[in-house]
Structure formats: structure tokens, C-alpha cells
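**Q** Just passing along the structure, written as C-alpha cells.
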Amino acid sequence: MFLVQYKNLSCLLLLLFASYVTANETENDNFQFSGFATLGAVYTDSDHHGYRKNVGSDGAVYSGEVDFKQHSLLGLQADWSISSGFDAVYQGVLRDLPEPSLDRYTTLAFLRYKVNANWSMRFGRTAPDLFLLTEYRDVDFSYIWATAPNEVYGIIPFRSIDGADITYSQRGYGGIFKTKLFAGSSEGEITGSSFVEKVKIKDIIGVSFSYDHFNWIIHAKHTQVTIDNEPQANTLLIEAITQVPDFLWPNSKVFAESLLMTGEEVNYSSLSGQYQWQNWLASAEWSHIASDSEVIPKITSGYTALSYQLNAHQFYGIYAFTESDNYVFDEPGVNEEVLEELIHGINGVMNFYAANQQTISLGWRWDITNSLASSLQWNYTKLEEEGSTLWLNESDHNEAENINTFFLTLSMIF
Amino acid sequence: MTKLTQAITILLLMHCIGSVQANEPLVVVVNKANPVAELSRSELIDLFMGKYVAFPNDDMAIPVELNGNHKIKVEFYQELVGMPLSRVNAYWSRLRFTGRKRAAVFKANEIDLIAFIIANKQAIGYVPQSLITEDLKVVYILNE
């Protein structure tokens, strides 16, 4: 495992180093090499709920620990301008991953054809445009906060889409209208305390609208995907349910089939806006996840944020929330005493995606230089019972808890 | 323009560089063969902030930037969008590292930048007013 990871890492570094050398040697305007990096420390005060950046992380931070893995990363990018119409981009992001591979480290790898000022097309691997920040949430230097609100972004395990997109831009009413259509497939990992599940989605079709008037901007996005594989935990649970005799649970097979996730649709929607006046910047986003699958509840999330700039310093506050229904087993005619353990497992699977929490954040960003910034952020999270999907639980402890989390990040571009 | 004339122009520019006055107006220039006569402030913002990288006639543009923390670059963005360079860099890192936009062409100094504009009809860049030559066309004047 370690050797495979080492080999993949070496390949990626070698590839990007070769690009860097080529760019320097040729001093060619058509070839550029750039990157971004974050060194991030996280401290939290919970013994039971481990903080993690998103549900794809199999590691977490508990009380008394200072973690550098969750938020530290290195992104390297090569841009090749092939002709006036065509260019190609490769980006690799090195970070702590549950299933490391060259494929997972590769976040962008596409060929773009710019037809004219209005139309452009990309083919290959692009960043997912599901919500406002999903394309650049790992480029920490690009936004004020130490981290994008987990309530909205922590549930998304996908870092890229393999497919194509087409964008139309048009000036109008003093601003720029943009419409993007994209399609493709994607893979990611979702982890629990004792498992790593590969999640595959296909038939992704998404649309993104924006109107940018420089000091204010609005976005509307909607994406539909189809689940392309059955999580192992689901498969095992379905097998266990189908083996229950009828006298303990009549029609258990019908219930078991309702848990199948393969082929079910999931819809992601987002509305967001940003307004800047003088030294103030206000932003807000509302997002919604809805699915045909019984296992994925409706999840509504959002945040509102305000920041004030004073020279090289920005002070900010964020309020974020996520809400979803909790499942409670209530099937008729089931002998719940005998099947207590199985029902516990069903409740666990059905509530796996249930996230219910609110966070208030206060932070300070200092632009140390024009390409290096430090952010210090305090999160106070009110975590509700059966709503801790975004955290890692080492035990069955799923009780409500109020948690303080502190972030100190150093982010840069080069 | 012959190569000899270009070389003489560049030599003259090098001579002028040392005498660029502090706070003199910055001008946005294009190749003199570019049909665009002038640009509005919002069109410039669209061009240099990667929102709509084309001239008003919808011909695609190639913005040319100065490398790093060049004093003229800092002054240009402060005048154009009222932002310090750190925030402009943060904004551009969103466009660049999501692969939404092609990065601008970067040049080490004003001489190289002017030479690139003279050689490229689609190029657009900013220089102090005293560096204007007959091979360039001014399409906007900042901090007059």
C-alpha cells in the first residue's frame, strides 16, 4: 500500500517537475507552471466526534490532538497554450487520501477549445460545479475563510468530473451572463469509522448560470446524477434482511429492495450570491440535495457570511447550517425484540447521510504578502443527535454535542 | 515594422524606463493595428479580471501582465478595481486553478510587455504614459 502510494506520488512529482523544467528551459509564453499550497493545523475539543474536512476523509481530529493532515495540501498545475483556440491543463493535488492513486491525485486534465469570445468547450477531467465553491474549495488562498463551510461542502466527496462541458458567455446589462452545461461521471470515497466505501456516479448532467456585475454576483446551479454502484454496507445489510424469515418480518424482501441505491437519481441544487461594497463583503448560499433513494435523505444546507477588510487584514463571521430528516425504523409486523441488532444496523445505514448541525465561525485572515496568507478561525458547532455524518465517530456515540474547533492555515500561490 | 525599427524602439524605451515619473498616468495600450479605438472601464475590468476576455467587437484578446509584485501592476489594479494585489491574486487563483480561464501572458518588465503587444494584434496591456510609442494605441487612461 505504502509502496503504491509512493510510486504514484513519485510519478506525479516527476511529471510536474518535467513540465516545470520544460517551461523554464523554453521560456515559452505558451507553457506555464503554477501551484497552490496550504499548511493547515486543526485542534478540536471533542472526545467523541472527530473533525474531518469532508466525508471522504478516513482520519479525524479528536480532543488533545493537533492535526496537519486534514487541511494541508500541495497543488501543481501545468498550462499549455497549444494555439489561439486550443489549450490543455493538468493539475495534481497531493493530499491525505483514503485510497491514494495517481487517478485520485489528478484533479484537472482537460483540453479546451475556445471557439470565440462567447463559446468554449472542455473535454476531459474538470472540477465539479455542483455548488458555489466545489470547484475551488481546496484552493484556500482564493477565499477569505480558513475552510469552506462543512455544512454545505463536507458532504460532497467528488473532486472531479470526467466528461465535457460547454460555456456560453455574453455581455449584457452592465455585467456578464454565463451559462455552463456539463456531463460526465465521477468517483469518490465516503468513509465511516471502520470502512471506506467507493461511490460512483454516472450520467451527470448539470447546468450552471451566473450573472456577474463585478461588485455583485449571483449563481444558480442544478445537477442530476445517477448512482452507479452499490455500497458494500448496503449490500451486506440487504443480504441480512432477505434472510429474515417471514414470521419475524413479513415482506422483508420488499423493504430490502427499497434500500438498493444503484440506478437511483440524486439532485444537487444551489443558489448563491455575493455583494461587495467599500471594505465589506457579504455572501450567502442555499443548497439542497434530494434523491429517489430511500437511503439518502433530503439535505438542506446553507451559510451566510460577512467580512471586513482593514488594509492587509480581513475579519469575518460565518453562520452555517445543515438539516436532514432522521430515519426511525417503523415497519409493521416486525418482531423488533428478536431483530434488535439488525434494526440498529438499518437505522445506522438509513441515517448515514443525515447531517444536522449549525456552526458559528469567527476568523481573521492576514495577507502576509500578495501571494501568501494566514487564516485563524474558531468554529462553534452545535451538533444534534443522529446528525454527525460530517464527523467521524470512533464509537456508537451519536449524542448531541457542542464542539469548538480551531484552524490555523498558511496558504499560498506560486 | 522592420526588426531594426523594433530594436530602436525598445532601446529608446530602455532609456526612458529610468525616468518614469512616480504617479504618472497609467495607460492601457493595444497594437496600433487593432481596430478598437477605446474601451470603457467596465470592459477593461472584464478583460483583466478574466470575466470576458474579448474586445467590444468580440475579437478575442490576450491580456499581458507584469510578473510578480511589480509596482506598476499594484498601481494598475488599485486604480482599476480598487483592490490590493493580494485580493486580485486570490480572485485570479479561483479562475486559474479551477481551469475556468487561461492565464494571462506574463512579462518580466515593461519593455518585454510592450514588445509583445507590438508583435501581437490581439494583445492588451498597461504601461506608464511616458512609454507610449507610435506602435501602440492608447485605449484607456487611468489616474489622469
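**Q** Against the conditions (1) outside any strand (DSSP E or B); (2) within 27 Å of A:Lys221 (Cβ to Cβ); (3) over 15 Å from the mean Cα position of the chain (by Cα), where does A:Met121 fall short? Just the number, please.
**A** (1)
**Q** Further question: For A:Asp29, which of the numbered conditions (1) modelled with pLDDT under 90; (2) in a strand (DSSP E or B) fails to hold?
**A** Of the numbered conditions (1) modelled with pLDDT under 90; (2) in a strand (DSSP E or B), the odd one out for A:Asp29 is (2).
**Q** A:Gly192 versus (1) at pLDDT below 90; (2) under 18 Å from the mean Cα position of the chain (by Cα); (3) under 30 Å from B:Ser86 (Cβ atoms): which is the lone unmet condition?
**A** All conditions are met except number (3).
**Q** So, A:Ile368, is that one open to solvent by less than 80 Å² (accessible area, probe 1.4 Å), within 14 Å of another protein chain (Cβ to nearest Cβ) and aliphatic (A, V, I, L, M) or not?
**A** Criteria met by A:Ile368.
**Q** Name every residue in the range A:56-74 that is within 14 Å of chain B (Cβ to nearest Cβ) and under 16 Å from the mean Cα position of the chain (by Cα), in order of residue number.
**A** The answer is A:Leu73, and nothing else.
**Q** Would you mind telling me which numbered condition in (1) part of a strand (DSSP E or B); (2) within 14 Å of another protein chain (Cβ to nearest Cβ); (3) farther than 16 Å from B:Arg94 by Cα; (4) open to solvent by 10 Å² or more (accessible area, probe 1.4 Å) A:Ala41 fails?
**A** (2)
Yes/no matrix, rows are residues, columns are (1) outside any loop (DSSP other than H, G, I, E, B); (2) touching a helix residue (DSSP H, G or I) at 6+ places or on another chain (Cβ under 6 Å):
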position	(1), (2)
A:Ala282	yes, no
A:Ala290	yes, no
A:Glu294	no, yes
A:Tyr308	yes, no
A:Gly317	yes, no
A:Ala320	yes, yes
A:Glu323	yes, no
A:Asp330	no, no
A:His344	yes, no
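**Q** Identify all residues within the range A:260-274 that are surrounded by 19 or more Cβ atoms within 10 Å (Cβ to Cβ) and either touching a helix residue (DSSP H, G or I) at 6+ places or on another chain (Cβ under 9 Å) or assigned to a helix (DSSP H, G or I) (or both); write none if there are none.
**A** Matches in the range A:260-274: A:Met261, A:Ser270.
**Q** If you scan the range A:88-102, which residues turn out to be touching a residue at least 40 places away in the same chain (Cβ under 8 Å) and either more than 11 Å from every other protein chain (Cβ to nearest Cβ) or surrounded by 23 or more Cβ atoms within 10 Å (Cβ to Cβ) (or both)?
**A** A:Gly92, A:Val93, A:Leu94, A:Arg95, A:Leu97, A:Pro98, A:Glu99, A:Pro100, A:Ser101, A:Leu102
**Q** What about A:Ala282, is it of a type in the set (A, V, I, L, M) and open to solvent by less than 20 Å² (accessible area, probe 1.4 Å)?
**A** No; evaluated as a whole, the condition is false for this residue.
**Q** How about the range A:48-118: which strands (runs of 3 or more DSSP E) wholly inside it have at least 3 residues that are within 30 Å of A:Ile166 (Cβ to Cβ) and in contact with a Lys or Arg (Cβ under 6 Å, 6 or more places away or on another chain)?
**A** Passing ranges, in order: A:106-114.
**Q** Within 12 Å of another protein chain (Cβ to nearest Cβ), in contact (Cβ under 8 Å) with a residue 60 or more places away in the chain and of a type in the set (A, V, I, L, M): does that describe B:Leu44?
**A** yes
**Q** From the set of residues in the range A:167-183 that are more than 21 Å from B:Asp59 (Cβ to Cβ) and modelled with pLDDT of 95 or more, which is farthest from the other protein chains (Cβ to nearest Cβ)?
**A** A:Ala183
**Q** Among the helices (runs of 4 or more DSSP H) confined wholly to the range B:61-144, which include 2 or more residues that are open to solvent by less than 30 Å² (accessible area, probe 1.4 Å) and touching a residue at least 60 places away in the same chain (Cβ under 8 Å)?
**A** Filter on the range B:61-144 gives B:71-81, B:110-119.
**Q** Here are the criteria: (1) at pLDDT 95 or above; (2) under 24 Å from A:Lys221 (Cβ atoms); (3) within 12 Å of another protein chain (Cβ to nearest Cβ). Tell me which single one A:Asn150 does not satisfy.
**A** Result: A:Asn150 fails condition (3) only.
The values are calculated or read from the model by the stated rules, or taken from the named source; none is laboratory data. Remember, predicted model here, so these are calculated numbers, not experimental data. Glycine also receives a Cβ, built like all others from the backbone with ideal geometry; neighbour counts cover every protein chain displayed. Remember, those area values only see protein heavy atoms, side chains included, never the ligands or the DNA or RNA. Shrake-Rupley method; radii C 1.70, N 1.55, O 1.52, S 1.80 Å.
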